[in-house]
1. Specify which of the listed residues (Leu75, Leu47, Leu21) is within 24 Å of Ala149 (Cα to Cα) and surrounded by 13 or more Cβ atoms within 10 Å (Cβ to Cβ).
2. Counting only residues that are surrounded by 15 or more Cβ atoms within 10 Å (Cβ to Cβ) and of a type outside the set (A, V, I, L, M), which one in segment 250-263 is modelled with the lowest pLDDT?
3. How many residues, within segment 931-978, are buried (at least 21 other Cβ atoms within 10 Å of the Cβ), within 49 Å of the chain's Cα centre (by Cα) and free of Cβ contacts under 8 Å to residues at least 24 places away in the same chain?
4. Is there any pair with a first residue in segment 640-652 that is farther than 14 Å from Ala611 by Cβ and a second that is polar (S, T, N, Q) and surrounded by fewer than 24 Cβ atoms within 10 Å (Cβ to Cβ) whose Cβ atoms are under 8 Å apart and which are 6 or more apart or on different chains, and what are they?
5. Can you pull out every residue in segment 642-675 that is under 29 Å from Ala712 (Cβ atoms) and part of a loop (DSSP other than H, G, I, E, B)?
6. Scan segment 549-574 and report the pairs whose first residue is within 21 Å of Arg180 (Cα to Cα) and whose second residue is among the acidic types (Asp, Glu) and in a helix (DSSP H, G or I), with Cβ atoms within less than 9 Å and a gap of 6+ or a chain change.
7. Could you please let me know if Gly299 is surrounded by 19 or more Cβ atoms within 10 Å (Cβ to Cβ) and at pLDDT below 95?
8. If you go through segment 939-962 one residue at a time, how many are under 16 Å from Gly994 (Cα atoms) and part of a loop (DSSP other than H, G, I, E, B)?
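The values are calculated or read from the model by the stated rules, or taken from the named source; none is laboratory data. What you see is a predicted model, and the numbers here were worked out from it, not measured in a lab. Quick reminder, even Gly has a Cβ in these numbers, built from the backbone with ideal geometry, and neighbours come from all protein chains shown.
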Amino acid sequence: MLRVSLLGEQVIADEESGAVLTRSPRSVALVAHLVVHAGRPQPRRLLAGLFWPDSTDAQALTNLRRELHQLRRVLGELPSLAVTGQDLCWQDTPSSRVDVREFALAHRAALAAGDAGDPGAAVGHARAALAAYGGELLPGLADDWVLAARAELEGQCVELCDLICRTPSGDPAAALDAARRRIALRPLEEPGYRTLMGLQAEAGDRAGAVSTYHRCASVLERELGVVPAEPTRAALRRLLDRPDPEPRRAAAPGLVGRAAELARLGELWRTAAAGRAGFVLVRGDAGVGKTRLVTELAGLAGAEGAVVAAGRCFGTPGRLALAPVADWLRTPAVQRAAASLDPVWRAEVDRLLPASRPGGGHPTVEAWQRLRFFEGLARALTAGGRPVLLVLDNAQWCDEETGAFVTFCLGLLPSAPLLVAATLRDGDPGPGGAAWTAQLRDDGRLAELPLRPFDADGTARLAEAVGGRPLSTSDRDLLFAATGGYPLYVVEAVRAHDSPPAEGLAAVLRTRLEQPGPAAREIAGLAAAAGRDFTLELLTEASDLDADTVVDAVDELWRRRLVRESGGSYDFTHDLLRETAYQQVSPPRRWLLHRRLAQGLELLHAGDTDAVAAQLAEQYARGGRPDRAVAHYRRAAAVAAGTFAHAEAIRLLREALALVTARPPSGNRDRDELAVLEALAGPLNAHQGYSSPELQRTLERSLALAESLGDAEAALTALLELWSSRFVQGRTVQAHEAAERALGLLAPGTSAEQSGSAHFIVAGSSLSLGHDPAEALRHFELGAERTRDAASWPIGTRPDVHGPAWAAHAHWLLGHEDTAVACGASAIALARRIEHPYSLAIALAYAGITHQMRRDRDALEPAAAELRELCDRYGFAYYREWALVLGGWARGGAAGLAAAQEGVANLKAEGSFARMPYWLSLVAELSPPDAARATLDAALAAGEARDDRWWLPEVLRLRAAHDADPRPRLRAAVELARAQGSVALRRRAEADLGVAAPS
């Protein structure tokens, strides 16, 4: 069965498998035209002229035949598509499901049931129709016939929303949903807002009804420059129990000045919309009008039919990683388009927005999946085929993960009709912006638009627009001198109805915040303590005031333009107003407000606090409840790590650690610290790598705490992870000490994963120390045997891949060349079968070393090339350097030497010194004689200094070739190989010694 989706998307797919059959705009549009006129034959000549108006009649008919042939080739013979020599016609058949037809039939049934006096059936059919209406018809197309059909379908959808709202059905939630749907369809029509306000009032949601009015007034003002009509204002008065007309809301001027800047933004937008993705950064001082300018651009883009999605960053610690990206994805137009993604990409979106998938959050993630996650988000944002404008406000406070995603998205989709427009406050110490905007600048994808304050004339024009009266020359001069031309300062000074005081903007903002009544001032302080946007429900839960007083207070703040409504929540109209409101609250009062806000958040999100875990942690920390703060910091970190936001997880856990370590010493304190440190190790490893000094310190402290607490299981876990850190750093002896201590902690109750890991790490470090490969092989085999069915080891890799891949090196050293090759091949085959990219990278990397030790360039070169491509695709930095060195050795020549040197330099820069003698020997083989001698001497020194001895017999053999008399060094190589039990390396050195012996 075919599924034809034309509402909110453009796709024809197989209903059973979900496989997309075509997204061709012309093919889908042709089907859409026939579907819209279902049951009515459409003459071929009419269709040809409609779709190819610039062609001759004959050519247009030829084009139609070709398109029809292509459609049949992709979709097969369609019973629904009736074709004759004269016309085409769409007919409803069981072989296809078409959302437009499902909507039309349900719409007709709803009206018929209503006419027959059956309200229950009418509402049921109407709801079915709304479920089929996924969005506007053929989004992105603007042909005349599309616009007409789109308007007709939208009108029918509005008609159904009205039917549901006015029909008593006993289901108030359905009526509320329908009313909201109507507003989304016709945001400039006031009856929809009045209907929703009435339904909310009937449900006892007075706060929601007032918010609906605020949204109505904001939309009408922004789009039309008008206030709500008297019936809407009267509905608000009834809600607020005000018989008299409501107080006049402060005036909002249109955009004053900035014509050149807006024109420049328009140019950048048109370039991006034409298919050249870009990023524009509007930067300037606080209050210079950055957000206002970008808002104007958003309005222009939306009027042109673009998808506009806005996100905002906040300068408080209680933020959620990737929160602006989540805001973009929640935009209705984006959600509708993303619904058409393949399931594999929708699953990535579900990681960030788990509420969209039944069953909660996504399963545990691995670091290598991060780029696929980012790709899924990028595909979702651009799935609709329309130009997309993403607004990122306050980028100076942008979290690292959002910046990384934006950079990735623009690199992945350079030809997408996409523009990211960000604002950045100059001189702010916030963490965001610097690194990722620098990368965009280096890549040539960043356009910067600096904003400066107004001159005297611009200042006067803005003041006159806000105040509604002309200024005298002296007033103009005074205003400009006092405000410096900063629009925020000018606007707030005029709204304060006072001359700008000598103390500056801060004094003006304090005056503005003192204008409301006592209840509104109290609520302003509470809202400021929230640190970000807030809801009426949260303020009601956290305030001493009753719900009606809170609603009245927020309404007053809204009328005075101190707060604004946005998507069901509120926020201060400028961050500086929030900061000033917070400063006006006394420290003891702040402590109480933070605690109440935390308690309110827990009540509102009872049973599912993941989305507000970071806020809860921050509020409890500021409210003097460090115990509860720590628990929420840990949960917030787990949520962040679940979306690959490892930097944010690290930040949150550091906050938790600071609270724990500030407590007096005790056993409970140590247990809490150990729990935080154990949670911190994973994100540190994912973000900074095994060689991270901070990771090493964290693991060593974890081990000390576990031992002092007598927690053998925690000590074993710490030792296993500490081995990885020490080994990669090249601290081979210390790594082996950790491995042997871990082996000594094994007990009858130890898990198979931990037991297998202990044997594996003993094998690895034993082999590197130059101990008997046979003994190492025994531990490799024990590790594999004890974890045969385990999905992964505690050290983060799969035992059934990593074990045999490394065991191959022990086999080769023992002279078991065929077995070594077979072990490596089996590891690669398994990694491919389980479709696990990180395991495949490990298998290819270790197999590459096996091929190199065998000096099999033909086998090594493709393995190294695949490893390099895999690491570039998934961001595996460590094994990427292996690929560079191994691939360089296989390639040879100057290019091969440069690649190998780059790989070694990168490993050193990362602090990864494991196997360094081996890597340096490969570089030496490619180098001129003098450089080769120096490199081999460095390899010998590195091996002795770090006890990385397994490859030293080969380094000695290679170095002997540069000696006048190679025999002494070759004899040393033979003896060292014999002492280590390395058969293969002993044979090589003996062969060279035989050649070097005197005749």
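1. None of the others qualify; the one that does is Leu47.
2. Pro253
3. 2
4. Partner pairs satisfying both residue conditions: Phe644/Gln369.
5. Ala662, Arg663, Pro664, Pro665, Ser666 - these are the residues of segment 642-675 that are under 29 Å from Ala712 (Cβ atoms) and part of a loop (DSSP other than H, G, I, E, B).
6. Listed pairs, sorted by first residue: Gly567/Asp327.
7. In short, no.
8. 1
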